[in-house]
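The values are calculated or read from the model by the stated rules, or taken from the named source; none is laboratory data. If you're wondering where the values come from, they're calculated on a predicted model, not measured in any experiment. No Cβ is skipped: glycine too gets one built from the backbone with ideal geometry, and neighbour counts run over all protein chains shown. Calculation scope for accessible area: heavy atoms of the full protein, side chains included, ligands and nucleic acids excluded. Shrake-Rupley method; radii C 1.70, N 1.55, O 1.52, S 1.80 Å.
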Amino acid sequence: MKILLYNPDNGVTRNFMPHLWMFLLQSLTPPGHEVLLIDGNARPMNEKQLVSFIRDQQIGLVGIGAMTRMVARAYLMADAIRAAGVPVVMGGPHVTEVPDEALGRDGGPRHADAVALGEADETWPQIVVDAARGQLKEIYTPVDETGKERKPSLQPYPSIPWEKLDLEQFNMVPKVVRPLLERHANGWQAVHLIPIESGRGCPYGCEFCTVTGFFGDSIRFRTNESVVNELLRLKKHARKNRRQVIVFFIDDNFAINIKRTKSLLRDIIAAGAQLPWIAQISANLLRDEELVDLIAASHGKWVFIGMESIDPVNLADVNKSFNKPVEYATVLDRLARRDIYAITSFIFGLDNDTPGVADRTLEQIESWPPGLPVFGQLTPFPATPLYDRLLKAGRLTRPKHWLEFAPYQMANTPLKITIAQTHAELDQAWTASYGPERNASAIDSLSDKPLKVQIMHLAMRLFFRGIYFPQMTKRAWVKLVVDNRRPIYKLVSGGIGKWRAGKKKKRSDPAIPAPAGTQRRDGSVPARNTG
Ligand code: B12
Ligand code: SF4
């Protein structure tokens, strides 16, 4: 049987990172079946195009995965595929949280023949076997022989053959600059962000978050060996093919068990498996100096921190009092001293927020080392304690907000600020954080740092701006470059200066071996160090 796994596009950003679930399920598919993957972010298709692809390829089963914000699009695609006579199975966080919706058991239309609830590592092979026999069940739940929920142990963990996959569609370097980089900075014409999970689960249970409910509070880890081997394969692949690979450890809280994280990082260092990496770690776990040293030594470059608010009352309201705003600056300084920077995430529209929340937050952010702040509105995801609380209080203005998805639009009434004011605060925060002036001042504040740190920082800033201000066209990118010409010019001229100085040093320093046959300007050939 030919199977298609499909992830709908999010309509805001393009192909920056593969979705792990597709690659994982592909690796877990029983032998004898062929699995094709389409990520709508990398290969946008409308319903007609997708159906005609499915017909041409004679696909016998389509698996669709979606977060809540993409589910309306997922349903649209599923409806078209089912109308063409091909069965659809849906999985992922949203259908797990609201399975009746996809199955049409809530009075609405049916969108899927079957749903896979929760983690599908162990149910997927059965789904494929049943579909091949034409005996697809409606619901697949990961349970043991006694009917009790069973979570996959992650030991063993399948090997994802990243090096054999065509990752060109996930090249983050804009097409226009690739030829230039190939000529002048070979190795940088392709940059891939690869998702790796080292463990699953987070016990903290923040009120707005689906993770504790979905993965359970029992945390499970892969073996260090399995993670290190995956990194080594990726590193070899990056070297061989002259491209950059950055790893995103997608664990919800990468240091949830500090002892285990330290042991993993030590093993990565010992095996020489370092690749630049990003991970999500809560601020309370970054108090540990030894952990932060190991993050730096294993080439951790960016840490995503869910700060949510600078107001302890807000944090208490959403069950996140383990975040201590008074220590945010110390944590960020601790990271910055090792050239590690933070993606700091904030939620506006929390119950204690009042007008002016953007100004107050920005004032704090500007007193910290430069980072990448991201801002979102409080969003009641189905099946979270937050959703239930707001529903009971009659505060949900759009109880099925996902069926009429609109980016950055609230779906509930905040208490001390209006919905419109919250939207305006969000707009202000994004505009102030990613305007050309702020970009330039962030780069200026890094003047004493190595040039590559500054370049990476600016590149990330330009990308991150696109999370809120869509920059999907060539025109939008050209405008972005023109608007940010000051820091770009500064870094490019710094780079040229460094390159020239390096060349000059090579020419004048006999201790630096020149390539065979290289002549100095005076015609002499530098002596080889034969020592
Ligand atoms: C990586 C990640 C991202 C990436 C996504 C890009 C990418 N290419 O992966 C980034 C950083 C961009 C991101 C952004 C956001 N994310 Co996010 N993200 C994650 C994260 C940390 C990991 C996802 C992952 O790969 N997990 C590991 C895989 C193996 O698990 P999985 O995807 O659930 O798949 C398993 C099952 O669900 C199932 N399955 C999944 N799909 C399918 C399909 C079929 C057919 C079958 C059979 C089974 C199946 O099988 C898999 C194996 O067991 C999750 C949290 C988490 N730990 O999952 C949050 C998570 C998915 N994100 C979430 C949210 C809310 C967001 C944002 C909306 C946040 C925001 N406010 O901006 C944005 C939206 C981005 C956008 N525009 O699309 C929520 C989603 C909740 C929900 N109900 O939708 C999650 C669950 C985190 C949370 N705090 O609650 N995210
Ligand atoms: S710490 Fe992060 S992953 Fe864990 S429950 Fe809170 S928001 Fe979710």
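Which one is farthest from TRP124 (Cα to Cα), of the residues in the stretch 47-71 that are within 24 Å of the chain's Cα centre (by Cα) and either more than 12 Å from ligand 1 (Cβ to nearest atom) or not aliphatic (A, V, I, L, M) (or both)?
The residue in question is ARG69.
Here are some residues: ARG82, ARG73. Which one is farther than 25 Å from LEU165 by Cα and touching a residue at least 40 places away in the same chain (Cβ under 8 Å)?
Numbers: ARG82 fails: touching a residue at least 40 places away in the same chain (Cβ under 8 Å).
Answer to the check: ARG73.
Go through (1) within 16 Å of ligand 1 (Cβ to nearest atom); (2) within 25 Å of GLU225 (Cα to Cα) for ASN171 and report which single condition fails.
Unmet condition: (2).
Has the stretch 247-257 got any residue that is away from ligand 2 (no atom under 16 Å from the Cβ), surrounded by fewer than 20 Cβ atoms within 10 Å (Cβ to Cβ) and in contact (Cβ under 8 Å) with a residue 12 or more places away in the chain?
no
For the stretch 216-246, name all the residues that are more than 16 Å from ligand 2 (Cβ to nearest atom) and open to solvent by 60 Å² or more (accessible area, probe 1.4 Å).
GLU225, ASN229, LEU232, ARG233, LYS236, ARG239, LYS240, ASN241, ARG242
When you check MET22 against the structure, is it more than 14 Å from ligand 1 (Cβ to nearest atom), out of contact with any His (no Cβ under 9 Å at 6 or more places or on another chain) and closer than 30 Å to ILE196 by Cβ, yes or no?
Here the answer is no, as MET22 does not meet what is asked.
Can you tell me which residues in the stretch 357-367 are open to solvent by 20 Å² or more (accessible area, probe 1.4 Å) and in contact (Cβ under 8 Å) with a residue 40 or more places away in the chain?
Passing the criteria: ASP359, ARG360, GLN364.
When the residues of the stretch 174-206 are narrowed to those that are within 11 Å of ligand 1 (Cβ to nearest atom) and charged (D, E, K, R), which ends up nearest to the chain's Cα centre (by Cα)?
GLU197
Among residues belonging to the stretch 238-254 that are in a loop (DSSP other than H, G, I, E, B) and within 21 Å of the chain's Cα centre (by Cα), point out the one that is farthest from ligand 1 (Cβ to nearest atom).
Filtering the stretch 238-254 for residues in a loop (DSSP other than H, G, I, E, B) gives 241-243, 250-254.
With the extra rule that they be within 21 Å of the chain's Cα centre (by Cα), the set shrinks to 243, 250-254.
Working: ARG243: 18, ILE250: 4, ASP251: 7, ASP252: 5, ASN253: 9, PHE254: 10 Å.
Going through the qualifying residues, I end up with ARG243.
Is there any pair with a first residue in the stretch 1-19 that is basic (Lys, Arg) and a second that is open to solvent by 40 Å² or more (accessible area, probe 1.4 Å) and outside any loop (DSSP other than H, G, I, E, B) whose Cβ atoms are under 7 Å apart and which are 6 or more apart or on different chains, and what are they?
Listed pairs, sorted by first residue: LYS2/GLU34.
Does GLY213 count as outside any strand (DSSP E or B), surrounded by 17 or more Cβ atoms within 10 Å (Cβ to Cβ) and within 12 Å of ligand 1 (Cβ to nearest atom)?
The answer is yes for GLY213.
Say whether the condition of being closer than 23 Å to ALA342 by Cβ and part of a loop (DSSP other than H, G, I, E, B) is met by at least one residue in the stretch 258-273.
Taking every residue of the stretch 258-273 in turn, none turns out to be closer than 23 Å to ALA342 by Cβ and part of a loop (DSSP other than H, G, I, E, B).
Tell me, please, whether a residue that is open to solvent by less than 30 Å² (accessible area, probe 1.4 Å), part of a loop (DSSP other than H, G, I, E, B) and modelled with pLDDT of 90 or more can be found in the stretch 134-149.
yes
Residue under question is VAL35, and the condition is that it be within 29 Å of ALA190 (Cα to Cα), modelled with pLDDT of 95 or more and not in a loop (DSSP other than H, G, I, E, B); does it hold? Before you say what the answer is, go through the steps one by one.
Values: within 29 Å of ALA190 (Cα to Cα): yes; modelled with pLDDT of 95 or more: yes; not in a loop (DSSP other than H, G, I, E, B): yes.
Considered against the rule, which asks whether it is within 29 Å of ALA190 (Cα to Cα), modelled with pLDDT of 95 or more and not in a loop (DSSP other than H, G, I, E, B), VAL35 comes out as yes.
Hey, does the stretch 291-311 have a residue that's under 18 Å from LEU232 (Cα atoms), crowded, with 18+ Cβ neighbours inside 10 Å, among the β-branched types (Val, Ile, Thr) and within 16 Å of ligand 2 (Cβ to nearest atom)?
No; the residues of the stretch 291-311 include none that is under 18 Å from LEU232 (Cα atoms), crowded, with 18+ Cβ neighbours inside 10 Å, among the β-branched types (Val, Ile, Thr) and within 16 Å of ligand 2 (Cβ to nearest atom).
Looking only at the stretch 452-486, count how many residues are part of a helix (DSSP H, G or I) and of a type in the set (S, T, N, Q).
The total comes to 1.
Residue pairs, Cβ under 9 Å, 6 or more apart or interchain, first in the stretch 199-223 and at positive phi, second of a type in the set (Ser, Thr, Tyr) and near ligand 2 (Cβ under 8 Å from one of its atoms). List them.
GLY201/THR212; GLY205/THR212
Has the stretch 96-103 got at least one residue that is assigned to a helix (DSSP H, G or I), hydroxyl-bearing (Ser, Thr, Tyr), in contact with a Gly (Cβ under 8 Å, 6 or more places away or on another chain) and surrounded by fewer than 24 Cβ atoms within 10 Å (Cβ to Cβ)?
Yes, that holds for at least one residue.
Out of the residues in the stretch 216-237 that are acidic (Asp, Glu) and under 22 Å from TRP162 (Cβ atoms), state the one that is farthest from ligand 1 (Cβ to nearest atom).
At the first step, the residues of the stretch 216-237 found to be acidic (Asp, Glu) are 217, 225, 230.
Adding the requirement that they be under 22 Å from TRP162 (Cβ atoms) leaves 225, 230.
On the way: GLU225: 20, GLU230: 14 Å.
Here the answer is GLU225.
Return the only residue of PHE322, PHE375, PHE348, PHE381 being farther than 27 Å from LYS262 by Cβ, open to solvent by 30 Å² or more (accessible area, probe 1.4 Å), among the hydrophobic types (A, V, I, L, M, F, W, C) and in contact with a helix residue (DSSP H, G or I) (Cβ under 8 Å, 6 or more places away or on another chain).
Working: PHE322 fails: farther than 27 Å from LYS262 by Cβ; PHE375 fails: open to solvent by 30 Å² or more (accessible area, probe 1.4 Å); PHE348 fails: open to solvent by 30 Å² or more (accessible area, probe 1.4 Å).
Result: PHE381 is the single residue among PHE322, PHE375, PHE348, PHE381 that is farther than 27 Å from LYS262 by Cβ, open to solvent by 30 Å² or more (accessible area, probe 1.4 Å), among the hydrophobic types (A, V, I, L, M, F, W, C) and in contact with a helix residue (DSSP H, G or I) (Cβ under 8 Å, 6 or more places away or on another chain).
Scan the stretch 69-78 and tell me whether some residue there is in a helix (DSSP H, G or I), of a type in the set (Ser, Thr, Tyr) and closer than 24 Å to TYR408 by Cβ. Talk me through it step by step, then tell me what you get.
Just the residues of the stretch 69-78 that are in a helix (DSSP H, G or I), to begin with: 69-78.
With the extra rule that they be of a type in the set (Ser, Thr, Tyr), the set shrinks to 75.
Narrowing the set further to residues that are closer than 24 Å to TYR408 by Cβ leaves 75.
Within the stretch 69-78 (the criterion being in a helix (DSSP H, G or I), of a type in the set (Ser, Thr, Tyr) and closer than 24 Å to TYR408 by Cβ), the answer is yes, since at least one residue qualifies.
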